[in-house]
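These notes are about the structure you will find just below.
The values are calculated or read from the model by the stated rules, or taken from the named source; none is laboratory data. Computed from a predicted model, the values in this text were never measured in an experiment. We place every Cβ from the backbone using ideal geometry, glycine too, and count neighbours over all the protein chains shown.
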Amino acid sequence: MLRKRLVVQLSESYESVMKLLLLAKQGRLTLKEASLKANDGVIIADLVFEGPPEKIQWFMLKTSGSPYVLECKKIE
Amino acid sequence: MKASDALVRKMEDLGVEIVFGIPGGANLPLYDSLYDSNIRSVLTKHEQHAVHAAEGYARVKKRPGIALATSGPGATNLVTGLVNAAMDSAPLVALTGQVVRSFMGTDAFQEADIVDVALPHVKYATVVLDSSKLVKEFVSAYKCAMSGRPGPTLLDLPRDVQQEDIGEFEGIDETVEPRFLKQSLPPDEILLEKAAEFIVEAKRVCILVGGGAYYSDASKEILKLAEILNAAVITTTPGKTAVDESHPNVLGVVGMHGRFESNLAVIDSDLVLCLGTRLSDRAIGPPSEFKKSRRIIHIDVDASEIGKNVIPDVGISCDAKLALSRLIDILSTKRFSPKDPGWVLGLKEIGRSFDEYMFGQADRSRLSSWKIVKVIRDELPRSAIVTTGVGQHQMWAQLYFKVLEPGTFITSAGLGTMGFGLPAAMGAKAAAPDRIVLNMDGDGSFLMTCQALGTIVEYDFPVITVVFDNRALGMVRQWQDLFYKKRFKDVDIEDRTNLIKLAEAFGVEGLFVNSYEELRIALRRAIRNDEAIVIDVPIDKDEKVFPMVPPGKWLADVILPPGFSNNVEETASSPAK
């Protein structure tokens, strides 16, 4: 199991946030920490997930391909 | 200009020629705008028909189909079709009406939060709350449905947003943000080199073709590569439509109900090149077995598919056609000894002996399904489009119906939606009015959406339906027979539904046939006259679909029809280990 902090830039909508969390659920990741900040049409989601490395990788690729997501970065 | 008028104008600009749906209170402004448009609207009997028809249309045209529904139950009736389209990566846009903005969140009449219902399954969904953004949102949703890996999108449109005045049409910002256009990047050259190296080293190469290869239009490249490598081409269920199955290198569908020789090809291969497939358990069995004893190269336009179910030796995120073209170029610069052409020939021979065995079987009390499929293939023109429902008939179709032109086999593969066949056929006929469209259905599947016959008559979409009628939920019955000690529960349909009279009630000719010759004659007439007909063909409820790999088992654990396995050992040098 890995614990990873991801910072995701989303378009400013409820759907963006919900889709992000739905994808995490689909990937069976455990959400350990979350903070959201809306600023100038963008939502910054700062998230800490726990899960198998391949699932975290899948989540990053899946979110990067989503039209709701502007950028997904792995921080640590 | 009214926002819905602008939306319809934009739909016309984008080439939308037909929409399928049902009007209701919350989408009346949109329907009012369609009144003055050149876009043909088809009033379906149920929203599920609309969304399946939109998918059938999209799969033929390779561009988004459009489904319309009102708020509440209209919108929620779309859900099965949206998930179906997501599972099979089919592009479509659903436009749902919503209660007026001031009523949202009050549990108003026919209010349902369709965006939240659909969100886990669609590529993009949003409520359009600003009428000035309606056109832009539609363009984004339309492009998004087609870009990268295709899929469904949904826009929820409050009624007052639709009818609001938005000023001049020309002034609307229609640019699509890059996030809606996730285009395929060129393939990584280093990974392609690595893939080419592995291919050169391999002795027996399988090319596993998924549905993504169809949308990528990669048929030519697949067959060219197969010829260069003397490779066996096998397909997933959605991938069946991507290649001409009469090509000497194509063996057919692989997996739980795959062709025997296709499963043998995987078992005996030392490399599988997977194209545009999510590598579902139905196609490959347990991933650990699939990965054992062979190298895996996985090419998919959706980067998140690579490594999701099977961790490949080389994974390339790219459009299949683009990657294969480069791979062929790279291989042309390499020297390698030709792969043994005898391998595929041997597998083909096993397939032939399997067919010979099956077609040599005497009929039981009724007609044999695989022989019915053969009659249909014999009679249909090459370009005819076949759709299916879901169940045993679907598996017989995938086993015995040979696709001769890409894009001519439309089925619900991922979700397995019973009732998909008839409305999808209607959509396919709308997309290709000059081609014959035939829906192979089971009685259980057909009865789920048979009201679409009324629409078929009203809008002149002459679709031929052949019902494999065993008065049972045959596939579930087969599982109860094989895995639940024949404890048949709620699978035998003892009703007296007369499918002929039912068809006639909708204005479609119904015909009961009791021999292959009668079926042949009926098909010839329907094809010649391009007319709608429902042909009811009785089959035996104890007939099973073979081969069958039990759920969770490896391809080598296949159950073959009684008597056939000995036959193989005697007549063919099986490549299976």
Contacts under 6 angstrom Cβ, first residue in the stretch B:302-330 being charged (D, E, K, R), partner part of a helix (DSSP H, G or I), 6 or more apart: B:LYS308/A:TRP58; B:LYS321/B:GLU221; B:ARG326/B:LEU192
Those residues of the stretch A:21-52 which are touching a Phe, Trp or Tyr at 6+ places or on another chain (Cβ under 7 Å) and within 14 Å of chain B (Cβ to nearest Cβ), in sequence order: A:LEU23, A:ALA24, A:GLY27, A:LEU29
Subset of the stretch B:229-288 that is of a type outside the set (Gly, Ala, Ser) and on the phi > 0 side of the Ramachandran plot - its residue that is surrounded by the most Cβ atoms within 10 Å (Cβ to Cβ): B:LEU279
Failed condition for B:GLY360, given (1) more than 14 Å from chain A (Cβ to nearest Cβ); (2) buried (at least 17 other Cβ atoms within 10 Å of the Cβ); (3) on the phi < 0 side of the Ramachandran plot: (2)
Scan of the stretch A:53-76 for residues that are within 10 Å of the chain's Cα centre (by Cα), more than 7 Å from chain B (Cβ to nearest Cβ) and charged (D, E, K, R), ordered by number: A:GLU71, A:LYS73, A:LYS74
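How many residues does the stretch B:98-127 hold that are β-branched (Val, Ile, Thr) and over 30 Å from the mean Cα position of the chain (by Cα)?
Number satisfying all stated conditions: 3.
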Identity of the residue in the stretch B:157-213, free of Cβ contacts under 8 Å to residues at least 12 places away in the same chain and within 32 Å of the chain's Cα centre (by Cα), that ends up farthest from the other protein chains (Cβ to nearest Cβ): B:PRO178
Hits in the stretch B:310-330 - residues which are at the interface with chain A (Cβ under 10 Å from one of its Cβ atoms) and in a loop (DSSP other than H, G, I, E, B): B:ILE311
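Quickly run through the stretch B:405-423 and pick out the residues that are surrounded by fewer than 23 Cβ atoms within 10 Å (Cβ to Cβ) and over 19 Å from B:PRO433 (Cα atoms). Step through it out loud before you land on a result.
Of the residues in the stretch B:405-423, the ones surrounded by fewer than 23 Cβ atoms within 10 Å (Cβ to Cβ) are B:405-407, B:414-416, B:418.
Hits for the stretch B:405-423 are B:GLY414, B:LEU415, B:GLY416, B:MET418.
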Of residues in the stretch B:296-309 being farther than 26 Å from B:ASP268 by Cβ and at the interface with chain A (Cβ under 9 Å from one of its Cβ atoms), the one surrounded by the fewest Cβ atoms within 10 Å (Cβ to Cβ): B:ASP302
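Name the helices (runs of 4 or more DSSP H) wholly inside the stretch B:344-448 in which the number of residues that are of a type in the set (D, E, K, R) and not assigned by TED's automatic domain parsing to the domain that holds B:ALA242 is 1 or more. Spell out the reasoning first.
Numbers: elements: B:369-379, B:392-400, B:421-431.
Helices (runs of 4 or more DSSP H) meeting the threshold: B:369-379, B:421-431.
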Residue match in the stretch B:76-91 (condition: more than 14 Å from every other protein chain (Cβ to nearest Cβ), in a helix (DSSP H, G or I) and hydroxyl-bearing (Ser, Thr, Tyr)): yes
Test result for B:PRO120, buried (at least 18 other Cβ atoms within 10 Å of the Cβ) and within 14 Å of chain A (Cβ to nearest Cβ): no
Tabulated pairs, the stretch B:136-150, first more than 9 Å from chain A (Cβ to nearest Cβ), second in a loop (DSSP other than H, G, I, E, B) and among the β-branched types (Val, Ile, Thr), C-beta under 7 angstrom, 6+ apart or interchain: B:LYS136/B:ILE172; B:GLU137/B:VAL128; B:VAL139/B:VAL176; B:LYS143/B:VAL176
